[in-house]
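Since the structure comes first, as structure tokens, the remarks are kept for the end.
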Amino acid sequence: MAEIRRSYEPYVPDQERRPELTLRAILLGCILGLVFGAVTVYVGLRAGLTVAASIPISVLSISLLRGLGHASILENNIVQTTGNAGQSIASGVIFTLPALLFLGFDLDYWRIFLLALAGGWLGVLFMIPLRRRLIVEEHGSLAYPEGAACADVLLAGEQGGSFAGRVFLGLGLGALYTLFQNENLLGAWPSAPGYEPQWLKGAAIRAEATPEYLGVGYIIGPRVAGVIVAGGVFSWLVLMPAIYFFGSQLPRALYPGTRPIAQMSPSDLWSAYIRPMGAGAVAAAGLITLLKTLPTIFGALRAGFANLRGGRSGDAAVARTEDDLPMGVVAGGSVVLAVIIFLFLVFKPAPGAQVGWLANLLASLLIVFFGFLFVTVASRIVGIVGSSASPVSGMTIATLMATSAVFLVEGWTAPAFGALAITIGGVVCIAASNAGDTSQDLKTGFLIGATPRKQQIALMIGVCVSTFAVGATLQAMNRGLSEYRQISRPWDIAAPHQGVRIEEWRSRPGRIRLMHPDGTSESRRTQGYVLLNAWSSEDLADGKYLYNPQTKTVDVQWIQGIGSERAAAPQARLMATVINGILSRKLPWGLVLLGVFAVLAVELLGVPSLSFAVGFYLPIATTLAIFVGGVVRWLVDRASARAAGGGDAESEIGPGSLYASGLIAAGGIVGLLGVALKLYEAAAGKGDVLLLPADNPLHHDWVAVAMFLLLACSLYYFARRPLGPKGK
């Protein structure tokens, strides 16, 4: 086969040798991968969105390696390749695996680790045979926007440009702001100022005034941020008041609520009625997005299989910039991973989720089949629309629907098969997510003249290291953001109750911070309590409860961090809804279908339905804060266009985007420190170590609003201030 002629010459020619896969590059990439993997979990679970990490990692790498001396552009590329694996793995994990909680199972650290590792490595291995066709042969037709932008950053750094100063500035100011704002740290002012209008019962206006939401809104831009907040306005200011207006006269609870509507707060209305609607909306929007991309999907599959059949001649020596890991490694590694997944499912099932070996064998085969299918699709689609617009959630929904349908036909409808289904969907989602970012990284390497084999090795290392942070952060957030609320409801433990499973109280005997209905709290020992797990019960809302055998009552509700308003995890909730809807058929289908038809109406109006659906599901406190960031971006673009007499909006490597990246990193890092402090306080039986008293002079909603607006003003100022010679 004749060597294909390029339309682009790499910055580093084939024959030139520069430092590339060095120890310092791998170590720095692993460190940044751990940081950005943890930040992505934190921000993604709270905001329902993730942003690409390759550009901020590249910026930091250029500055840090330059300080060590003799930095090579190929070394910087290895750093961003290794580090970016953390963000892509985290995205796939948080969209799927927390669904185990919503299906009534626990999050086991080593389960998350192994599934994330297997999915990440499958994404890299399945992408390798496609690299030459997608990256090289279709260089002129597939843009890979994030990969090209990252190459621009690396080239600018090689030629003397520096952008790290603006990132560090956002990191510093954002960290200082979060220290005072976060309710797990100083909490000087309210973390989420709000207003509940008495003239519109059931409605609420809130804003989670955090720097990470402000930064996310700026990066995604005013159009997407506006559509997202429109979904929040529709659910919190239209639907919830309507539910209260028509239901407040009902004397009894309306399923799936467990209390009369007249006694429910806006948060209760959101939890009971809006979340099922939002799940239907996100599912419908994901499938619509998938249907829109079907032509591209079929084209990607045809191109992928044609590339595998074509092969490459082994007569001529392979150029450095065309040197991939051999196909033996790809095929052998894929088989080994499939066997490991099968053995893990057989010998280490989720507690209470034991199934037969035949089901586990089928699960392993489905992972390989759907994994290769959607890795091929994702690798090509990101070349056209970019990673942010890739319909990975739609691909995962399709996987879950097909898997659950197979289980239903076989009669496998027990809760254990729900856990098995989300395992399949989780590994496929992680593989597709990582394959998309792998494609972007390999495109960056192609443009600058990197060695594909070394990038692929760096990706495998980055996946392995970053999974340590992803699982730990997921568990820490679930525990650190959890709450124990006192309730009073008689309960007879001896009588059977449909949808309620009795479990062992797995925590060691210790103390919890119990919140009373009047807002006060106390420390209480957990020894002697029995854990109840309610799912699709007509007596209790979904979740976990502590039963007191002495008083014969359920007097404590354990609200886990993931799934609460502070970490809504909309995509994972959706995955659980899809599985439960097919296997158990006990969903509130009326509410789910309301969300479906709301999305259909929005789609007919020409509005991006997936963004609207995510905003529909998320608390308005999240969407409103993101919208503020979008407004700042609109003001910056407008002012820049006016000053230049018209022109394009700011690029991904503009001063505002770099400052916003620093804000996101600061909010995530300091927020995680607050979660760690909360876990320490619980383990040590101490009260709030740093939290300022609620009667301090700054603890007012207007102070929180004013400080958030000041932070937004700083974003506008530094976005309008051009980068200097040192990126300041």
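The values are calculated or read from the model by the stated rules, or taken from the named source; none is laboratory data. Everything numeric here is computed off the predicted structure, so don't read it as measured data. In this analysis, Cβ positions are derived from the backbone assuming ideal geometry, glycine residues included, and neighbour counts consider all displayed protein chains.
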(request) Could you please find all residues in the stretch 223-267 being of a type in the set (S, T, N, Q) and at pLDDT 90 or above? (result) Ser235
(request) Taking the options Arg46, Arg24, name whichever one is of a type in the set (Lys, Arg), in contact (Cβ under 8 Å) with a residue 12 or more places away in the chain and more than 22 Å from Leu459 (Cα to Cα). (result) Arg46
(request) Filter the stretch 105-116 for residues that are of a type outside the set (Asp, Glu) and surrounded by fewer than 24 Cβ atoms within 10 Å (Cβ to Cβ) and give the result. (result) Phe105, Leu107, Tyr109, Trp110, Arg111, Ile112, Phe113, Leu114
(message) Checking the condition crowded, with 24+ Cβ neighbours inside 10 Å, part of a helix (DSSP H, G or I) and modelled with pLDDT under 80, which residue from Gly383, Gly425 passes?
(response) Gly383
(message) Quick check on my filter: what residues within the stretch 543-599 are out of contact with any strand residue (DSSP E or B) (no Cβ under 7 Å at 6 or more places or on another chain), under 30 Å from His516 (Cα atoms), touching a residue at least 60 places away in the same chain (Cβ under 8 Å) and among the β-branched types (Val, Ile, Thr)?
(response) Ile562
(message) Looking at the stretch 490-509, can you tell me whether even one residue there is farther than 30 Å from Glu138 by Cα, modelled with pLDDT under 85, touching a Ser or Thr at 6+ places or on another chain (Cβ under 7 Å) and not in a loop (DSSP other than H, G, I, E, B)?
(response) yes
(request) Quick one: Ala262 ticks every box in (1) surrounded by 18 or more Cβ atoms within 10 Å (Cβ to Cβ); (2) touching a Ser or Thr at 6+ places or on another chain (Cβ under 7 Å) except a single one, so which number is it? (result) (1)
(request) Tell me which residues, restricted to the stretch 193-215, are over 14 Å from Ala666 (Cα atoms), among the small types (Gly, Ala, Ser) and part of a loop (DSSP other than H, G, I, E, B). (result) Gly202, Ala203, Ala204, Ala207
(request) May I ask you to verify whether Thr96 is buried (at least 24 other Cβ atoms within 10 Å of the Cβ) and within 18 Å of Lys454 (Cβ to Cβ)? (result) no
(message) Can you pull out every residue in the stretch 250-279 that is more than 23 Å from Val614 (Cα to Cα) and not in a helix (DSSP H, G or I)?
(response) Leu250, Pro251, Arg252, Ala253, Leu254, Tyr255, Thr258, Arg259, Pro260, Met264
(request) State the number of residues belonging to the stretch 241-263 that are within 25 Å of Thr577 (Cα to Cα) and charged (D, E, K, R). (result) 1
(message) I need the full set of residues from the stretch 607-636 which are modelled with pLDDT under 90, in a helix (DSSP H, G or I) and of a type in the set (Val, Ile, Thr), in order please.
(response) Val614, Ile620, Thr622, Thr623, Ile626
(request) Hey, could you check the stretch 242-287 for residues that are among the β-branched types (Val, Ile, Thr) and without any contact (Cβ under 8 Å) to a residue 60 or more places away in the chain and say which is farthest from Gly543 (Cα to Cα)? (result) Ile243
(message) For the stretch 64-83, give me each residue that is among the small types (Gly, Ala, Ser), part of a helix (DSSP H, G or I) and modelled with pLDDT of 80 or more.
(response) Gly83
(message) Being touching a strand residue (DSSP E or B) at 6+ places or on another chain (Cβ under 9 Å), touching a residue at least 24 places away in the same chain (Cβ under 8 Å) and not aromatic (Phe, Trp, Tyr) is true for just one of Gly104, Gly147, Gly140, Gly170. Which residue is that?
(response) Gly104
(message) As an exercise: evaluate Arg223 against (1) crowded, with 19+ Cβ neighbours inside 10 Å; (2) out of contact with any helix residue (DSSP H, G or I) (no Cβ under 7 Å at 6 or more places or on another chain); (3) not polar (S, T, N, Q) and give the number of the one condition it does not meet.
(response) (1)
(message) Just to be sure I understand, how many residues within the stretch 632-642 are closer than 12 Å to Gly217 by Cβ and either under 23 Å from the mean Cα position of the chain (by Cα) or of a type in the set (D, E, K, R) (or both)?
(response) 1
(message) Quick check on Phe374: is it buried (at least 19 other Cβ atoms within 10 Å of the Cβ) and either under 25 Å from the mean Cα position of the chain (by Cα) or in a loop (DSSP other than H, G, I, E, B) (or both)?
(response) yes
(message) Being buried (at least 19 other Cβ atoms within 10 Å of the Cβ) and modelled with pLDDT of 90 or more: is that true of Trp270 here?
(response) no
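Yes or no, residue by residue, for (1) small (Gly, Ala, Ser); (2) surrounded by fewer than 19 Cβ atoms within 10 Å (Cβ to Cβ); (3) under 30 Å from Leu74 (Cβ atoms):
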site: Leu122; (1), (2), (3): no, no, yes
site: Ile135; (1), (2), (3): no, no, yes
site: Ala148; (1), (2), (3): yes, yes, yes
site: Val153; (1), (2), (3): no, no, yes
site: Thr178; (1), (2), (3): no, no, no
site: Ala203; (1), (2), (3): yes, no, no
site: Arg206; (1), (2), (3): no, no, no
site: Pro211; (1), (2), (3): no, no, no
site: Val227; (1), (2), (3): no, no, no
(request) Quick one: count up the residues across the stretch 692-722 that are surrounded by fewer than 12 Cβ atoms within 10 Å (Cβ to Cβ) and not in a helix (DSSP H, G or I). (result) 5
(request) Examine the stretch 180-196 for a residue that is surrounded by fewer than 21 Cβ atoms within 10 Å (Cβ to Cβ), within 30 Å of Pro722 (Cα to Cα), among the charged types (D, E, K, R) and touching a residue at least 40 places away in the same chain (Cβ under 8 Å), and state whether such a residue exists. (result) no
(message) I'm told Asp106 meets every condition in (1) closer than 28 Å to Val339 by Cβ; (2) part of a helix (DSSP H, G or I) except one. Can you identify the failing condition by its number?
(response) (2)
(request) Could you grab me the full set of residues in the stretch 549-568 that are among the aliphatic types (A, V, I, L, M), under 30 Å from Val43 (Cα atoms) and either over 33 Å from the mean Cα position of the chain (by Cα) or at pLDDT below 80 (or both)? (result) Ala568
(request) Pairs only if they're at least six apart or on different chains, beta carbon under 7 angstrom, first in the stretch 627-646 and without any contact (Cβ under 8 Å) to a residue 24 or more places away in the chain and more than 20 Å from Leu711 (Cα to Cα), second of a type outside the set (Phe, Trp, Tyr) and not in a helix (DSSP H, G or I); list them, first residue then second. (result) Ala641/Gly647
